[in-house]
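Data first, discussion second: the structure below is written as structure tokens.
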Amino acid sequence: MSHEHNGNAQFEQGVDLDVLALRYVTNELTEDELGAFEARLAEDQLARESVSRMVLLGTAVSLEGVSLEAPFAEGEPGELVASTPQHAADSTVTFTWFGGWHLAAAAGLFVAIGLVAYLNRSDAETTSPGEIAGTEQPLEDEAQDLIASYLAFGDLPDAAREEAGLDTSLDPFENSTLEGAGDEVTLDIGGEAPPWMVMALAK
Amino acid sequence: MTDSKLAREQVDALYRRHADGVHRFLLGVLRNADLCDEALQATFLQVLEKGHTADDETMKGWIYKVAFNQAMALRRRQQAGGRVLGQLALDPVALREATRSDEQVIANETLDQARDAVRELPIEQQEVLRMRFTDSKTFAQIAEQLGVPLGTALTRMRLALSKLRRKLDS
């Protein structure tokens, strides 16, 4: 009984230490507390391991950030889980963004632009600077059409999505999951639109 | 404890066993991934040079202590150069970037265990953890956003830490 009580007390002390270590790594300690805790770190292995554990927890939470979201509504951070057979089984990268679906739309947009560029390029084996200049307008028109479609519907044409290898049947505002043979990779870009996407849509 | 330096293989084994935990500890102290790598390297150089002076039973604590001393020395050097360290909270992006994905399997297993443990928490406890770590919100802000008293937010965090400790210890 007493042994069990001591064990519980020890466990609670460990949790107290974790709380302190958490406040340490999140920079919440006062100057006095900080000095005292770092003096403790110099001597106390349990405190050092507690700091290590809190960083582990922070890493786990950061990597799990997407799946911690409750079912989301339009415009909120979400998750896109895409199959990538070329990756190792345990490799996971997490991408979060507004609804996740927009990432797929962006991929479609850039694949479409790339395809147009390729088609224009394949007309001749060599291309003079003047010819390159001549392809700018159709390319720009194509991109503008795609961007207009994106801005109007928050989506891209099915053809563009299919070119990007995306499942066109998925609801953009649900937790988009692309099933397929291979390994699961979750992508997390921290809830913000990447600068290149902002630039592309600002045109 | 021996009179001669540890063999390279012994140091390699110690590195495989402890480097990941020590790296996380250093990240907690220095909050800078590049400096962590530097401190980790310096730590294991010390293990190579002086590891033979430590007992096997206390080796882990000795390595962490060396790492802490290296981190403090590095921080002092940086501060002498006008750079302030240790006064920033851990950045979630830095945490992800600092995840040593190329590390040995055991390291990934530890992270996987932690991720599993987080997933198994009740959603309201997960929310508090996420808001604290990835959104860098204070507990007062978390309480306000969730519409709960401050004490409730703190209790949720404590319960989450308690469950995670049990899970990781087991």
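Where a number appears in this text, it was derived from the coordinates with a stated rule and is not lab data. Bear in mind the structure is a predicted one, so any value in this text is a computation, not a measurement. Neighbour counts run over all protein chains shown; Cβ positions are idealised from the backbone, glycine included.
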Check your understanding: Between B:Thr58 and B:Lys5, what is the label-to-label distance in nm when each label sits 7 Å out along the Cα-to-Cβ direction?
Key -> 2.3 nm
Exercise for review: Subtract the Cα-Cα distance of B:Arg17 and B:Gln78 from 0.36 nm times their separation in residues, and report this length gain in nm to one decimal.
Suggested key: 19.1 nm
Practice item. Tell me which residues come under 5 Å, amide H to amide H, from B:Leu6 once H is placed; ignore anything under 5 positions away on its chain. Key: B:Gly51, B:His52
Review point. So if we plug the beta-carbon distance of B:Asp135 and A:Ala42 into 1/(1 + (r/R0)^6) with R0 = 30 Å, what FRET efficiency do we get, rounded to 0.05?
Key: 0.40
Exercise for review: List the residues whose amide H sits under 5 Å from the amide H of A:Asn27, counting only those 5 or more places along or on another chain, with H placed 1.01 Å from N in the peptide plane.
Suggested key: B:Leu90
Study note, to complete from the structure: The Kirkwood hydrodynamic radius of the range B:8-81, taken as the inverse of the mean 1/r over all distinct Cα pairs, in Å, comes to 12.3 Å
Check your understanding: Ordered by residue, what ³J(HN,Hα) values in Hz, to whole numbers, does the range B:53-65 give under the Karplus form 6.51 cos²θ - 1.76 cosθ + 1.60, where θ = phi - 60° and Gly and Pro are x?
Key -> 7, 9, 6, 4, 5, 10, 4, 4, x, 5, 5, 4, 5
Exercise for review: Per residue of B:55-62, count partner chain C-beta atoms within 10 Å of its C-beta, then hand back the mean as an integer.
Suggested key: 1
